[in-house]
Amino acid sequence: MVNLNILNDAQVAELQELIRGADNIVLCCHKSPDGDAIGSMLGWAGFVRTMGKNPMLIAPDAYPDFLKWMPGVEKIVRYDKHKDSVETAMQKADLVFCLDFNSTKRVLDLQQPLEQSTAPKVLFDHHEAPDIDAALSVSFPNMSSTCELVFRVICQLGGYDTMTRNTILPLYAGMMTDTGGFTYNSNRPEVFQIIAMMLEKAHFDKDKIYRNVYNNYSEWCIRMRGYVMSQKLVVIEGTHACYYTLTKEEMRKYHFCKGDAEGLVNEPLRIKGMRLSISLREDTEKENTVWVSLRSVDQFYCNGLAEMFFNGGGHKNAAGGRVNGTMDEAVQITHQAILYFATHLPNVK
């Protein structure tokens, strides 16, 4: 049996004391929350409630429609919809959990209320180079997801026996989505030991969860995704890299909903020999803002490109950022990034 413990005795004691001593606990995640962000919040909230607490769950903005099946998701408060109540909660908080982000910059509009909060902060995250001033930092970049980390901490704190189905399902979904259905960053034996423990405890249909997430698109979404791959994909010959663009006008044409482009950046990596895929998507509300997603395979890391060219960062094979400019400017920067990728990785074959 693989040892799932990740905290030392002093950290366990400190975490338990922080929770016991807090009356107003806040959990928050990054902007444009994905399955790992929402799942880790819901899973950790389930455990915190077993300790007699009633945490407030905050997301900076909307989460994808395909996550709305998760138990407890209706309790999440969006900052972009309820600024006053969220800011009041941050001011009153005596403990804040930061889940699935390594920098306060990743919460964007929520950054100021979060940084102004005088409450001690606990970080649960699996991204590299965390810079959050936390009383306790539980940061493990080698893990598949923040949900894996949360599950392991709950078990180490003795919470497995009292873990409910409503706690386990979001954690499993977060692990699944952050590994692309366990197709990357999930080779460690403990990942599958955790899955076995979840199935044994909750007796859920993991295939149904997969369908809830990946087979839950609208007709318009499928047409949009086909259009992008057919008409918008640009493959740069000789570089093993490609990109595509998605404009506000195109999104309106296809009745775009939050999450409709989720995972689309991975599709070009199905092309034989492709090593890097970049998505450029205009913000639907803010002018001169283009959101960038990068995916790569094997040892061809993309997080450095996100930092150097796109004001971002992330994992070695999955990163993101943004361009504060027009789509044409974003395309120019992307060409520079791809040229850098091809030039500095001469062994790309």
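Could you tell me whether any residue of the stretch 184-193 is more than 19 Å from the chain's Cα centre (by Cα), surrounded by 15 or more Cβ atoms within 10 Å (Cβ to Cβ) and among the aliphatic types (A, V, I, L, M)?
no
Just give me the residues in the stretch 128-143 being among the polar types (S, T, N, Q) and at pLDDT 95 or above, in sequence order.
If the condition is that a residue be among the polar types (S, T, N, Q) and at pLDDT 95 or above, then SER137, SER139 are the ones that fit.
Please find, within the stretch 63-77, the residue that is surrounded by the most Cβ atoms within 10 Å (Cβ to Cβ) out of those that are in contact with a strand residue (DSSP E or B) (Cβ under 8 Å, 6 or more places away or on another chain) and not in a loop (DSSP other than H, G, I, E, B).
Applying the filter and picking the extreme gives ILE76.
For the stretch 133-143, give me each residue that is under 21 Å from GLY39 (Cα atoms) and either crowded, with 19+ Cβ neighbours inside 10 Å or not aromatic (Phe, Trp, Tyr) (or both).
Of all residues in the stretch 133-143, those under 21 Å from GLY39 (Cα atoms) come to 136-143.
Correct list: LEU136, SER137, VAL138, SER139, PRO141, ASN142, MET143.
Can you list the helices (runs of 4 or more DSSP H) lying wholly within the stretch 136-236 that have 1 or more residues being closer than 30 Å to GLU14 by Cα?
Result: 146-156, 165-178, 189-202.
Taking ASP84, is it within 27 Å of PHE256 (Cα to Cα) and either surrounded by fewer than 16 Cβ atoms within 10 Å (Cβ to Cβ) or over 21 Å from the mean Cα position of the chain (by Cα) (or both)?
no
Considering only the stretch 78-106, how many residues are within 27 Å of MET176 (Cβ to Cβ), touching a helix residue (DSSP H, G or I) at 6+ places or on another chain (Cβ under 6 Å) and not in a loop (DSSP other than H, G, I, E, B)?
Number satisfying all stated conditions: 1.
So how many residues does the stretch 106-127 have that are surrounded by fewer than 15 Cβ atoms within 10 Å (Cβ to Cβ) and either in contact (Cβ under 8 Å) with a residue 40 or more places away in the chain or closer than 12 Å to HIS30 by Cα (or both)?
First, pick out the residues of the stretch 106-127 that are surrounded by fewer than 15 Cβ atoms within 10 Å (Cβ to Cβ): 109, 112, 115-116, 118.
Cutting the leftovers down to either in contact (Cβ under 8 Å) with a residue 40 or more places away in the chain or closer than 12 Å to HIS30 by Cα (or both) gives us 109.
So the answer is 1.
Is there a residue in the stretch 2-23 that is at positive phi, out of contact with any strand residue (DSSP E or B) (no Cβ under 6 Å at 6 or more places or on another chain) and open to solvent by less than 70 Å² (accessible area, probe 1.4 Å)?
Looking through the stretch 2-23, none of the residues is at positive phi, out of contact with any strand residue (DSSP E or B) (no Cβ under 6 Å at 6 or more places or on another chain) and open to solvent by less than 70 Å² (accessible area, probe 1.4 Å).
Looking only at residues that are assigned to a loop (DSSP other than H, G, I, E, B) and of a type in the set (A, V, I, L, M) in the stretch 268-312, which one is most open to solvent (accessible area, probe 1.4 Å)?
Within the stretch 268-312, the match that is most open to solvent (accessible area, probe 1.4 Å) is ILE271.
Do we find a residue being surrounded by 23 or more Cβ atoms within 10 Å (Cβ to Cβ), among the acidic types (Asp, Glu) and modelled with pLDDT of 95 or more anywhere in the stretch 88-100?
Yes, that holds for at least one residue.
Given the residues CYS221, CYS242, which is the only one that is in contact (Cβ under 8 Å) with a residue 24 or more places away in the chain, open to solvent by less than 30 Å² (accessible area, probe 1.4 Å) and touching a Ser or Thr at 6+ places or on another chain (Cβ under 7 Å)?
Just a single option satisfies the conditions, and that option is CYS242.
The values are calculated or read from the model by the stated rules, or taken from the named source; none is laboratory data. The shown structure was predicted, so the numbers you read here are calculated from the model rather than taken from an experiment. Here Cβ is always computed from backbone atoms with ideal geometry, including for glycine, and neighbour counts include all displayed protein chains. Just so you know, the surface numbers come from the protein's heavy atoms only, side chains and all, with ligands and any DNA or RNA stripped out. Shrake-Rupley method; radii C 1.70, N 1.55, O 1.52, S 1.80 Å.
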